[in-house]
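Working notes for the structure below.
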Amino acid sequence: MPIDHSLVGVESGPYERSWTSRDTLLYALGVGAGTGELPFTTENSAGIPQRVLPTFAVLAAQAPVARRLGDFHPAMLVHAEQAFELHRELPAEGTVAVTSKVTGVYDKGSGALVTSEARAVDPGGEPLVTSRSAVFIRGEGGFGGDRGPREEWTAPGRAPDHRVTCATRPDQALLYRLSGDRNPLHSDPAFAARAGFPRPILHGLCTYGITGRALLHAVAGSDPARFAGMSGRFSSPVFPGESLTVSIWQDGDEVLFRTAKDDGTVVLDRGRMALQPG
């Protein structure tokens, strides 16, 4: 069956999502944090309280899809865009109620772009995270629908103010998948081959988290309380073991970024970061 357009605008019932200190520590390791980032990778270092990488917000606001989007092979679905707003700093452990809805189904010709939004509130009803995402489903376009809105984004005509290179490990995806995304595209060579890849690829949200770490340390003084949000478009796959370089342009509290591989291939494009004043 094609994409179910009747899902648009239908809000799910609240889903309870909880995480522990162990979950946030494991996430930090999964996106490459290490011994130089003890506030995010340990909970019992003397004089260093545990804090949470801001991009964990995307996982905190995840909820299961109430109904299937349609009948298609899961290998045809790729994560296209991701954004989040943090209404305050994430706690090391917590519980939220998440509601979500599909906000649009757009015809991109070769496939369909499905956009969604999720909102996570704490037990007192106070907002914690608003997350927006889009998935591209190959082969599901051509239904004559709206192509969707287009946001303007242009890299400044100057060298980046910061350029941060982060290595990934050959087994990075095997570690990151323990934070919840067990899609075999990131671990099973046979499944990856059916999707057209020579070997398993890195999770897009792992690339996203690595980029968020670079932004946190480069422009937010390593302070999660200053990190108010982030958005970006996934433009090319990353293979575990490849290095990523984040180019960052900062104009006051306005931050643009782009992440690329060593050969210059852009993998996370049209990036924006929302920064709280210091």
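Below are the figures for this structure:
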| quantity | calculated |
| --- | --- |
| Among (1) surrounded by 15 or more Cβ atoms within 10 Å (Cβ to Cβ); (2) under 18 Å from Ser236 (Cβ atoms) - the single one Arg199 does not satisfy | (1) |
| Within the stretch 178-195, tally of residues that are free of Cβ contacts under 8 Å to residues at least 60 places away in the same chain and either closer than 16 Å to His73 by Cβ or not in a loop (DSSP other than H, G, I, E, B) (or both) | 7 |
| Enumeration of residues in the stretch 1-41 that are of a type in the set (Val, Ile, Thr), loosely packed, with under 15 Cβ neighbours inside 10 Å and not in a helix (DSSP H, G or I) | Val10, Thr20 |
| Of the criteria (1) surrounded by 19 or more Cβ atoms within 10 Å (Cβ to Cβ); (2) closer than 21 Å to Ala173 by Cα; (3) at pLDDT below 95, which one Val105 fails | (2) |
| In the stretch 226-278, the residues that are out of contact with any strand residue (DSSP E or B) (no Cβ under 6 Å at 6 or more places or on another chain), surrounded by fewer than 17 Cβ atoms within 10 Å (Cβ to Cβ), of a type outside the set (Gly, Ala, Ser) and not in a strand (DSSP E or B) | Asp262, Asp263, Thr265, Pro277 |
| Failed condition for Thr55, given (1) among the β-branched types (Val, Ile, Thr); (2) in contact with a helix residue (DSSP H, G or I) (Cβ under 6 Å, 6 or more places away or on another chain); (3) in a loop (DSSP other than H, G, I, E, B) | (3) |
| The stretch 235-265, subset of a type in the set (Gly, Ala, Ser) and modelled with pLDDT of 95 or more, residue nearest to Thr154 (Cα to Cα) | Ser247 |
| Lone qualifier among Thr154, Thr211 - being outside any loop (DSSP other than H, G, I, E, B) and in contact with a strand residue (DSSP E or B) (Cβ under 9 Å, 6 or more places away or on another chain) | Thr211 |
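Quick grid of which residues meet (1) within 28 Å of Arg270 (Cβ to Cβ); (2) in contact with a Phe, Trp or Tyr (Cβ under 6 Å, 6 or more places away or on another chain); (3) in contact (Cβ under 8 Å) with a residue 12 or more places away in the chain:
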position	(1), (2), (3)
Ile3	yes, no, yes
Glu11	yes, no, yes
Pro14	no, no, yes
Trp19	no, no, yes
Tyr27	yes, yes, yes
Gly36	no, no, no
Leu53	yes, yes, yes
Arg68	no, no, yes
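The values are calculated or read from the model by the stated rules, or taken from the named source; none is laboratory data. Keep in mind that this is a model prediction, so the values were computed, not measured. With ideal geometry, Cβ positions are generated from the backbone for all residues, glycine too; neighbour counts draw on all protein chains shown.
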